[in-house]
Amino acid sequence: MSPVPRRAPADFTPWPEHDARRYREAGCWTGESFTAMLRERVQRHPDRTAVVCGTRRWSYARLGERAERLAAGFARLGIVAGDAVVLQLPNVAEFLAVCFALFRLGAWPVFAQPAHRRAEIGHFCRHTGAKAYVIADLDGGFDHRELARQVQAESPSLQHVVVLGEAAEFVPFESLYEGPAVALPPEPQADQVAFLQLSGGSTGLPKLIPRTHDDYLYSVRASAEICGLDAGTVYLCALPAAHNFPMSSPGTLGTLYAGGQVVMCPKPAPDVAFALIAEHRVTLTALVPPLALVWLEAARSRRPALASLRMLQIGGAKCGDEVARRVQPELGCRLQQVFGMAEGLVNYTRDEDPPELVLGSQGRPISPLDEILVVDEEDREVAPGEVGQLLTRGPYTIRGYYQADEHNARAFTSDGYYRTGDLVRRLPSGHLVVEGRVKDQINRGGEKVAAEEVENHLLAHPAVFDAALVAMPDPYLGERSCAFVITRDSTLKASALGDFLRARGLAAYKLPDRYEFVERFPHTAVGKVNKRALRERIAQRLGAAPAAAGADAVPARDLPTPLDLSL
Ligand code: AMP
Ligand code: DBH
């Protein structure tokens with residue numbers, strides 16, 4: 001097998017050859033690329049529906065043809081193998097067509113989320129040297145063209161902005177379909193990087209995750225099998241399509257793998273989603289816990305419309321007992337808990353699992369080749385059943401982030417295990433129960449916020465002397481973020497900090513939900529900011545007097561409606 005081509009030595013950490021051989025011999029890595037996968041499906045059942053989007057219905061043949069023509073269009077723009085293209089589209093059929101077009105060229109989609117703004121998109125463009133940025137004109141009232149103008153001014157590599165809708169001065173998406181014939185390069189090799197996925201991260205800047213065709217298609221194929229997907233599967237893509245969960249667990253790609261039908265859901269609101277479920281006889285969908293709660297509430301009056309739904313997957317953050325127990329009786333479908341990460345490892349509860357595991361665990365790994373260690377602070381395995389940090393290694397878990405040598409040294413053990421930062425307990429059955437985390441992150445209803453990233457933005461404010469972002473408990477989102485701030489200026493207002501962060505182009509879900517102005521931080525014995533003490537302080541304060549939290553405590557935002565939650 002040819003070595004994975006690299007643009008720079010640090011782009012991609014390959015699996016050691018002896019592991020790669022094992023994964024091939026075990027049949028995990030088959031040498032099939034996503035391009036070959038789609039081509040085969042198109043040949044086998046060209047007329048079956050692949051994607052439904054609004055009133056549009058694309059057959060497999062049409063999806064394949066769209067992808068091929070878009071590949072030519074991107075090639076005419078000068079996109080070649082190894083180029084990065086930042087992809088930020090809402091849930092539309094074109095999202096999948098662009099993915100397959102870029103796969104065909106060996107170019108790398110960078111899976112931005114719809115909520116990302118100048119800070120994130122600019123970072124992705126500069127970090128990857130992206131040549132193109134693909135957007136919709138307007139999404140949820142936000143004009144992505146204005147964002148593109150700002151990003152382009154700050155990103156020297158960015159040559160093209162491709163716009164679905166009114167393109168203004170940019171490249172109209174539809175124009176990619178037309179133009180002189182162009183020779184496409186050879187199809188990608190399965191051991192090459194297919195795309196860059198995003199990590200929720202815990203450090204200053206979001207990390208990028210290089211996934212190969214071999215490793216990702218294995219996780220997709222095995223997920224489709226575990227979840228019993230087949231040609232009759234109708235998958236509602238209700239979470240943002242670029243997220244790893246709805247993309248691959250088994251998600252849109254798993255559905256296309258199985259020859260099923262993907263229904264693109266423009267937003268996860270019950271009125272929109274329930275109508276699509278009824279109209280298209282949806283059998284499977286995936287949600288984060290807070291959205292599941294919203295659906296449960298809405299379903300009280302609308303259950304008959306959900307009759308086709310066989311299974312609801314819940315993941316991205318821990319699904320509380322209360323929500324888990326209500327799914328079957330109130331939605332009339334089975335629950336599957338999914339505990340996954342864009343870095344690789346995905347755990348599912350299984351159909352054959354007893355109810356106590358489906359309700360009370362976050363599932364067990366996809367693969368017998370997934371290696372799981374539960375360790376203490378010294379990386380020693382804890383006693384069976386004890387809580388410890390989850391380390392993992394396997395046929396679809398990366399061995400390093402994209403161009404992040406220094407971070408990789410901390411995020412992986414010397415023998416290649418990924419330090420998930422999650423605290424888990426392993427049951428005798430192999431199922432994992434998520435008990436917390438050690439990474440410096442807030443899991444805001446499935447949307448991950450890296451504390452350090454937000455703290456760095458706060459520290460850029462001239463009146464901020466120091467800042468520490470911690471999680472505070474929230475009945476709806478599970479957690480929200482609270483920024484403890486030491487100011488140089490006692491007149492500084494929470495709203496001014498919120499405006500400041502927004503002006504720096506930070507995605508809305510990363511803006512602190514609350515600010516606590518303090519004179520000093522508690523410290524640990526070694527002199528680090530004691531975040532545990534800060535978490536306890538805010539939790540206690542909320543528990544004691546949630547409504548009136550004191551003069552220095554400023555709730556920064558009203559409760560977002562569930563629709564603000566874009567994962
Ligand atoms: P990321 O690395 O950004 O893809 O986020 C993955 C992280 O989300 C995991 O490491 C967990 O911290 C969290 N997560 C995902 N699914 C679950 C779940 N079902 N229960 C608890 N935490 C979860
Ligand atoms: O949270 C996640 O990143 C996640 C959750 C469920 C994920 O990546 C996945 C399944 O594949």
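Kirkwood radius and radius of gyration were both taken over the C-alpha atoms of the stretch 281-322, and their ratio Rg/Rh is 0.97. Convex hull volume of the Cα atoms in the chain, per residue, in Å³? Per-residue hull volume (Cα only) is 154 Å³. Put a plus charge on the Cβ of each Lys and Arg, a minus charge on the Cβ of each Asp and Glu, and nothing anywhere else: the dipole of the stretch 410-474 about its Cα centre is then about 340 debye.
The magnitude of the dipole of the chain, with charges of +1 and -1 set on the Cβ of Lys/Arg and Asp/Glu and taken from the Cα centre, is near 560 debye.
Ligands, DNA and RNA left out, the accessible area of the stretch 29-203 computed with a 1.4 Å probe is 51% carbon and sulfur. Extents of the stretch 29-203, largest first, come to 44, 37, 36 Å (Cα atoms, principal axes, whole angstrom). What trypsin sites (Lys or Arg not before Pro) in the stretch 5-99 are in a loop by DSSP, with at most 12 other Cβ atoms within 10 Å of the Cβ? Those that pass, being in a loop and sparsely packed, number zero. Of the two radii for the stretch 445-544, the radius of gyration is 0.94 times the Kirkwood radius, both from the alpha carbons; that is the Rg over Rh value. Evaluated with a Cβ-only charge set (Lys, Arg +1; Asp, Glu -1), the stretch 29-203 carries a dipole of roughly 260 debye about its Cα centre, given to the nearest 20.
Total lysine pairs in the stretch 445-544 at Cα distances under 22 Å, for residues eight or more apart or on different chains: 4. Estimated purely from DSSP H runs of n ≥ 4, each contributing -39500 (n - 2.57), the mean residue ellipticity at 222 nm for the chain is -9500 deg cm²/dmol once divided by its residues.
Expressed as a fraction of 2.2 N^0.38 Å, the rule-of-thumb size for a compact globular protein of N residues, what is the C-alpha radius of gyration of the stretch 267-378? Walk me through the intermediate numbers first.
Working: Rg = 15.2 Å, N = 112, 2.2 N^0.38 = 13.2 Å.
It is 1.15.
If one puts a single equal scatterer on every Cα of the stretch 220-260 and applies the Debye formula without solvent, what log₁₀ I(q)/I(0) results at q = 0.24 Å⁻¹? With no solvent term, the Cα-only Debye profile gives -0.66.
Rg/Rh for the stretch 405-481 stands at 1.07; both radii use Cα atoms, and Rh follows the Kirkwood definition.
The values are calculated or read from the model by the stated rules, or taken from the named source; none is laboratory data. Note that the structure is a prediction, hence the values are computed from the model and not measured. Positions of Cβ are backbone-derived with ideal geometry, glycine not excepted, and every protein chain shown enters the neighbour counts. We work out accessible area using only protein heavy atoms, side chains counted, and drop any ligands, DNA or RNA first. Shrake-Rupley method; radii C 1.70, N 1.55, O 1.52, S 1.80 Å.
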